[in-house]
1. Using Cα-Cα distances under 8 Å and only pairs 6 or more residues apart, what relative contact order does the chain have, in percent?
2. If you take every DSSP beta bridge fully contained in segment 2-221, what fraction is antiparallel? Give it as a percent rounded to 5.
3. Highest mean first, what order results for 401-414, 93-106 on Cβ atoms within 10 Å?
4. With Cα extents along the principal axes in Å in mind, check [x] 105, 55, 39; [y] 83, 50, 47; [z] 73, 53, 39 and report the label derived from this structure.
5. For segment 192-205, what does the Karplus curve 6.51 cos²θ - 1.76 cosθ + 1.60, with θ = phi - 60°, yield as ³J(HN,Hα) per residue in whole Hz, taken in order and with x for Gly and Pro?
6. I'd like the Karplus ³J(HN,Hα) series for segment 206-214: coefficients 6.51, -1.76, 1.60, θ = phi - 60°, whole numbers in Hz, and an x wherever there's a Gly or Pro.
7. Given the options Gly192, Leu116, Ile162, identify the residue whose Cα lies farthest towards the positive end of the charge dipole of segment 2-221 (+1 on Cβ of Lys, Arg; -1 on Cβ of Asp, Glu).
8. Give me the percent of DSSP beta bridges within the chain that run antiparallel, rounded to the nearest 5.
Amino acid sequence: MKIVTAQQMRNIDQRAIKEFGIPGPVLMENAAASVMIEMERFFDGLAGVKVAIICGKGNNGGDGFALARRLAIRGIAVRVAILGPMNVIQGEADVHLSILKKTSVEIIPEVSQESLSELLSWSDIIVDAILGVGLSSPLEGFFAQTVNLINQSGKPVVAIDIPTGIHSDTGAVMGTAVKADLTVTMCLIKAGLALLPGADYAGAVRVADIGIPTEAIDQEPISLSLLNQGYAWGRIEPRKTGSHKGTFGHLFIVAGSPGKAGAAVMTSLSALRTGAGLVTAAVPNGILPIIQSQVFEAMGIPMPESMSGSLGTSSVNEILSSAEQMTACAIGPGLSTQEETVQVVLSLVQRLTIPMVVDADGLNALVGSLPILKKAKAPIILTPHPGEMARLLGISAADVQRDRIAIASEFAKTHKVILVLKGAGSIVATPDGQVFINSSGNPGMATGGTGDALTGIIGGLLAQGYHPTQAACLGVYVHGLAGDLAAKEKGEAGMIAGDLIEKIPDAFRTLEDTLSTNDR
């Protein structure tokens with residue numbers, strides 16, 4: 001599913017109006033019809049409820065005026081408040097206000113704080129039609145007061161297009177923002193609805209078809225997409241009769257150190273659960289018995305150790321030689337940041353000829369050495385969390401979180417890698433400028449080991465021959481879906497990485513069942 005910025009949506013709207021001849025008031029009418037339908041679905045009907053619609057002076061307010069008339073036609077009690085005088089409303093919004101003024105719907109222009117409080121108390125449902133997309137400065141004055149009154153009302157809130165106060169491109173809260181239960185967004189999902197904290201303020205998000213032709217959308221260069229079930233099921237390769245373990249690749253895992261053998265275990269298990277035909281873990285000699293006692297299905301190669309027991313530099317040639325028999329490599333979980341081990345990672349990144357995913361201490365080894373990424377002989381997927389991303393760039397984690405899309409996209413293009421920036425709404429950015437925002441996952445995944453599981457999932461997909469972009473995108477979505485399935489069974493607070501790993505097959509089965517249903 002495509003995701004747009006505010007400017008891209010404006011371009012599409014104008015193209016639909018000017019090039020395809022669809023009058024703006026018609027699009028507004030279609031928007032209102034869609035909002036009413038989604039409200040009826042969400043609230044299981046609107047019979048007997050009272051709806052207060054709070055309107056601004058722009059097109060978002062125009063959607064609200066059209067919605068008020070449609071609700072009134074259905075016999076639903078509705079009142080409209082305008083944050084300003086009627087005479088400042090122009091264009092398409094004024095068309096619908098002019099029609100609404102001829103009906104019996106009560107309109108309160110230049111609403112005061114006192115009359116607004118009375119209106120909110122009267123209502124059962126509040127509709128936010130105040131600002132919509134395009135907000136660029138923090139809310140102040142009466143706008144901020146209005147938002148706070150809406151949030152304090154305790155009533156369910158429906159936002160038209162995007163909750164007022166949420167930046168449509170970054171998801172940032174601009175001073176204060178409406179906390180919606182349902183957001184009905186027009187034509188395409190806005191980036192601010194997929195990114196935090198905007199996603200938390202949006203509630204349930206529904207995308208409304210307002211009649212804009214596909215051709216008008218296709219003419220807009222859109223690089224953002226949503227990773228959802230529709231994306232995932234369309235990319236799972238069905239297994240053919242007559243396949244054997246060699247058909248599904250061989251993942252080589254370079255991981256582990258004293259005290260961190262579990263990272264290699266979880267990465268191996270996740271790759272196997274993802275469907276890799278064979279998995280071999282190259283680990284320091286001293287921890288190999290732990291790996292083999294925990295993952296019977298994986299093979300192990302003992303590697304020379306440094307003085308501290310982590311991978312020593314003398315392991316490089318042996319790893320490179322063994323890798324010639326493999327189809328993909330996963331580097332980093334639990335490796336440690338001992339100097340010899342860092343040199344191992346830097347050498348492997350430059351010399352391996354099979355696609356690789358690099359995580360955890362593999363990423364830490366790259367700090368200060370990013371130019372070597374361009375020397376790589378094979379595709380690389382990096383999977384940092386915000387802290388690791390900050391260390392790679394020499395900035396703070398807060399800086400990373402402030403504009404995750406721009407940070408991830410610029411890094412991927414500059415260093416010619418696929419970057420998975422983990423966290424709520426994980427982002428996948430590619431060297432050619434594509435950016436994907438993940439929709440699966442939950443706070444229960446904020447526990448040790450889930451990153452190792454993601455490394456194993458992506459590595460398992462790479463081993464099976466998935467294109468690196470598909471391996472990253474599908475891996476991120478499946479990882480989140482497995483976490484969602486685990487949370488349903490265990491609860492978010494008590495789930496651990498092992499619970500997620502156990503649900504990886506169920507996540508794939510869910511997507512395969514969807515594929516079978518769509519094929520029928």
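Where a number appears in this text, it was derived from the coordinates with a stated rule and is not lab data. Note that the structure is a prediction, hence the values are computed from the model and not measured. A quick note on method: Cβ atoms are made from the backbone with ideal geometry, for glycine too, and the neighbour counts reach across all protein chains shown.
1. Numbers: 1162 pairs, mean separation 61.0, N = 520.
Answer for the chain is 12 percent.
2. Details: 1 of 28 bridges.
Given both bridge residues lie in segment 2-221, the antiparallel proportion sits at roughly 5 percent.
3. Values: 401-414: 19.0, 93-106: 16.5.
Going from most to least packed, we get 401-414, 93-106.
4. Read-out from the structure maps to [y].
5. Listing the rounded values in order: x, 8, 9, 9, 7, x, x, 4, 5, 7, 7, x, 6, 10 Hz.
6. 10, 9, 9, 7, 10, x, 7, x, 4
7. Leu116
8. Working: 10 of 63 bridges.
In the chain, approximately 15 percent of DSSP beta bridges are antiparallel ones.
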